[in-house]
Amino acid sequence: MIFVLLLLVPYFLWIYQSADQAPIAGLFMLLMLFFIASFVSLTVSIDQRYLRIKFGYGIYRKRFSLAEIASFRIVKNRWYYGWGIRRWLRPPMWIFNVSGFDAVEIVMQNGQIYRLGTDEPRELERAIKQALAMLPTMQGR
């Protein structure tokens with residue numbers, strides 16, 4: 001995503017200089033850069049109740065209830081799954097990824113599958129395992 005962003009900046013500057021409607025073109029280009037920049041990073045965090053993901057500075061966020069996670073495992077995404085937010089049909093799943101192919105696949109109790117791209121799959125798997133181990137203790141309070 002950073003590579004795409006770096007390629008677009010000179011292209012947008014060239015368009016801006018040659019456009020008849022420079023202010024409108026400039027506004028459009030700034031909005032596009034803002035949108036693309038929001039998918040440069042993916043942050044995963046876990047608290048006592050939820051696993052949360054956030055792209056970039058938070059335009060897109062999603063949370064998963066720890067109590068509804070049925071299983072999880074480390075997986076490798078195929079190159080053609082792409083990056084960003086994807087709905088894949090075979091197998092049916094949602095993919096959230098910004099770079100690389102490593103991910104942790106989460107299967108919810110309702111059967112929905114999510115893949116969370118990460119540079120540190122073992123650490124994410126360990127954090128999920130620890131959070132789920134603490135879950136029964138938290139529910140009993």
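Every number here is computed from the coordinates shown, using simple stated rules; none is lab data. All values derive from a computational prediction rather than experimental measurement. In this analysis, Cβ positions are derived from the backbone assuming ideal geometry, glycine residues included, and neighbour counts consider all displayed protein chains.
Just to be sure I understand the model, the point goes 7 Å from the Cα along the line to the Cβ. What's the resulting Phe28 to Tyr50 distance in nm?
3.6 nm
Quick one: what Rg and Dmax do you get for the stretch 42-139 from the alpha carbons, in Å?
Cα-based Rg and Dmax for the stretch 42-139 come out at 12.9, 41 Å.
Based on the alpha-carbon gyration tensor of the stretch 22-70 and its eigenvalue square roots a ≥ b ≥ c, which shape applies: rounded if a/c is under 1.5, prolate if not and a/b is larger than b/c, or oblate?
Working: a/c = 5.23, a/b = 4.14, b/c = 1.26.
Cα axes put the stretch 22-70 in the prolate bin.
Defining a contact as two alpha carbons under 8 Å apart and six or more residues distant in sequence, what relative contact order in percent does the chain show?
Taking the mean separation of contacting Cα pairs over the length of the chain, I get 18 percent.
Please find the FRET efficiency linking Leu7 to Tyr81, where r is the Cβ-Cβ separation and R0 is fixed at 25 Å, and quote it to the nearest 0.05.
0.70
Take the alpha carbon gyration tensor of the stretch 44-85, find the square roots of its eigenvalues, order them as a ≥ b ≥ c, and report rounded if a/c is under 1.5; if not, report prolate when a/b exceeds b/c, else oblate. Write out the running numbers ahead of the final one.
Working: a/c = 2.82, a/b = 1.22, b/c = 2.31.
Judged from the Cα gyration tensor, the stretch 44-85 comes out oblate (a/c at least 1.5, b/c at or above a/b).
In terms of the Cα gyration tensor, with a ≥ b ≥ c the square roots of its eigenvalues, is the stretch 82-141 rounded because a/c is under 1.5, prolate because a/b exceeds b/c, or oblate?
Cα axes put the stretch 82-141 in the oblate bin.
From the residues Gln130, Leu8, Val104, which one has its Cα farthest along the dipole of the stretch 7-141 in the positive direction, the dipole being from +1 and -1 charges on Cβ of Lys/Arg and Asp/Glu about the Cα centre?
Sorting the options by dipole projection puts first Gln130.
Please give the helix 121-139 orientation as an angle from the longest Cα principal axis of the chain, in degrees from 0 to 90, rounded to the nearest 10.
Approximately 50 degrees, to the nearest 10.
In degrees, nearest 10, range 0 to 90: what is the angle between the Cα axis of helix 2-18 and the longest Cα principal axis of the chain?
So the helix axis and the longest Cα principal axis differ by about 20 degrees.
When the helix-only estimate is applied to the chain (DSSP H runs of n ≥ 4, each -39,500 (n - 2.57), divided by the residue count), what is the mean residue ellipticity at 222 nm, nearest 500 deg cm²/dmol?
Value at 222 nm, helices only, nearest 500: -12500 deg cm²/dmol.
Hey, got the dipole for the stretch 57-141? About the Cα centre, +1 on K and R Cβ, -1 on D and E Cβ, debye to the nearest 20? Show your work: numbers first, answer last.
Details: 14 positive and 7 negative charges, 47 e Å.
Once rounded to the nearest 20, the dipole reads 220 debye.
Between the helical axis of 22-37 and the dominant principal axis of the chain, each derived from Cα atoms, what acute angle in degrees is found, rounded to the nearest 10?
Computed tilt is about 20 degrees.
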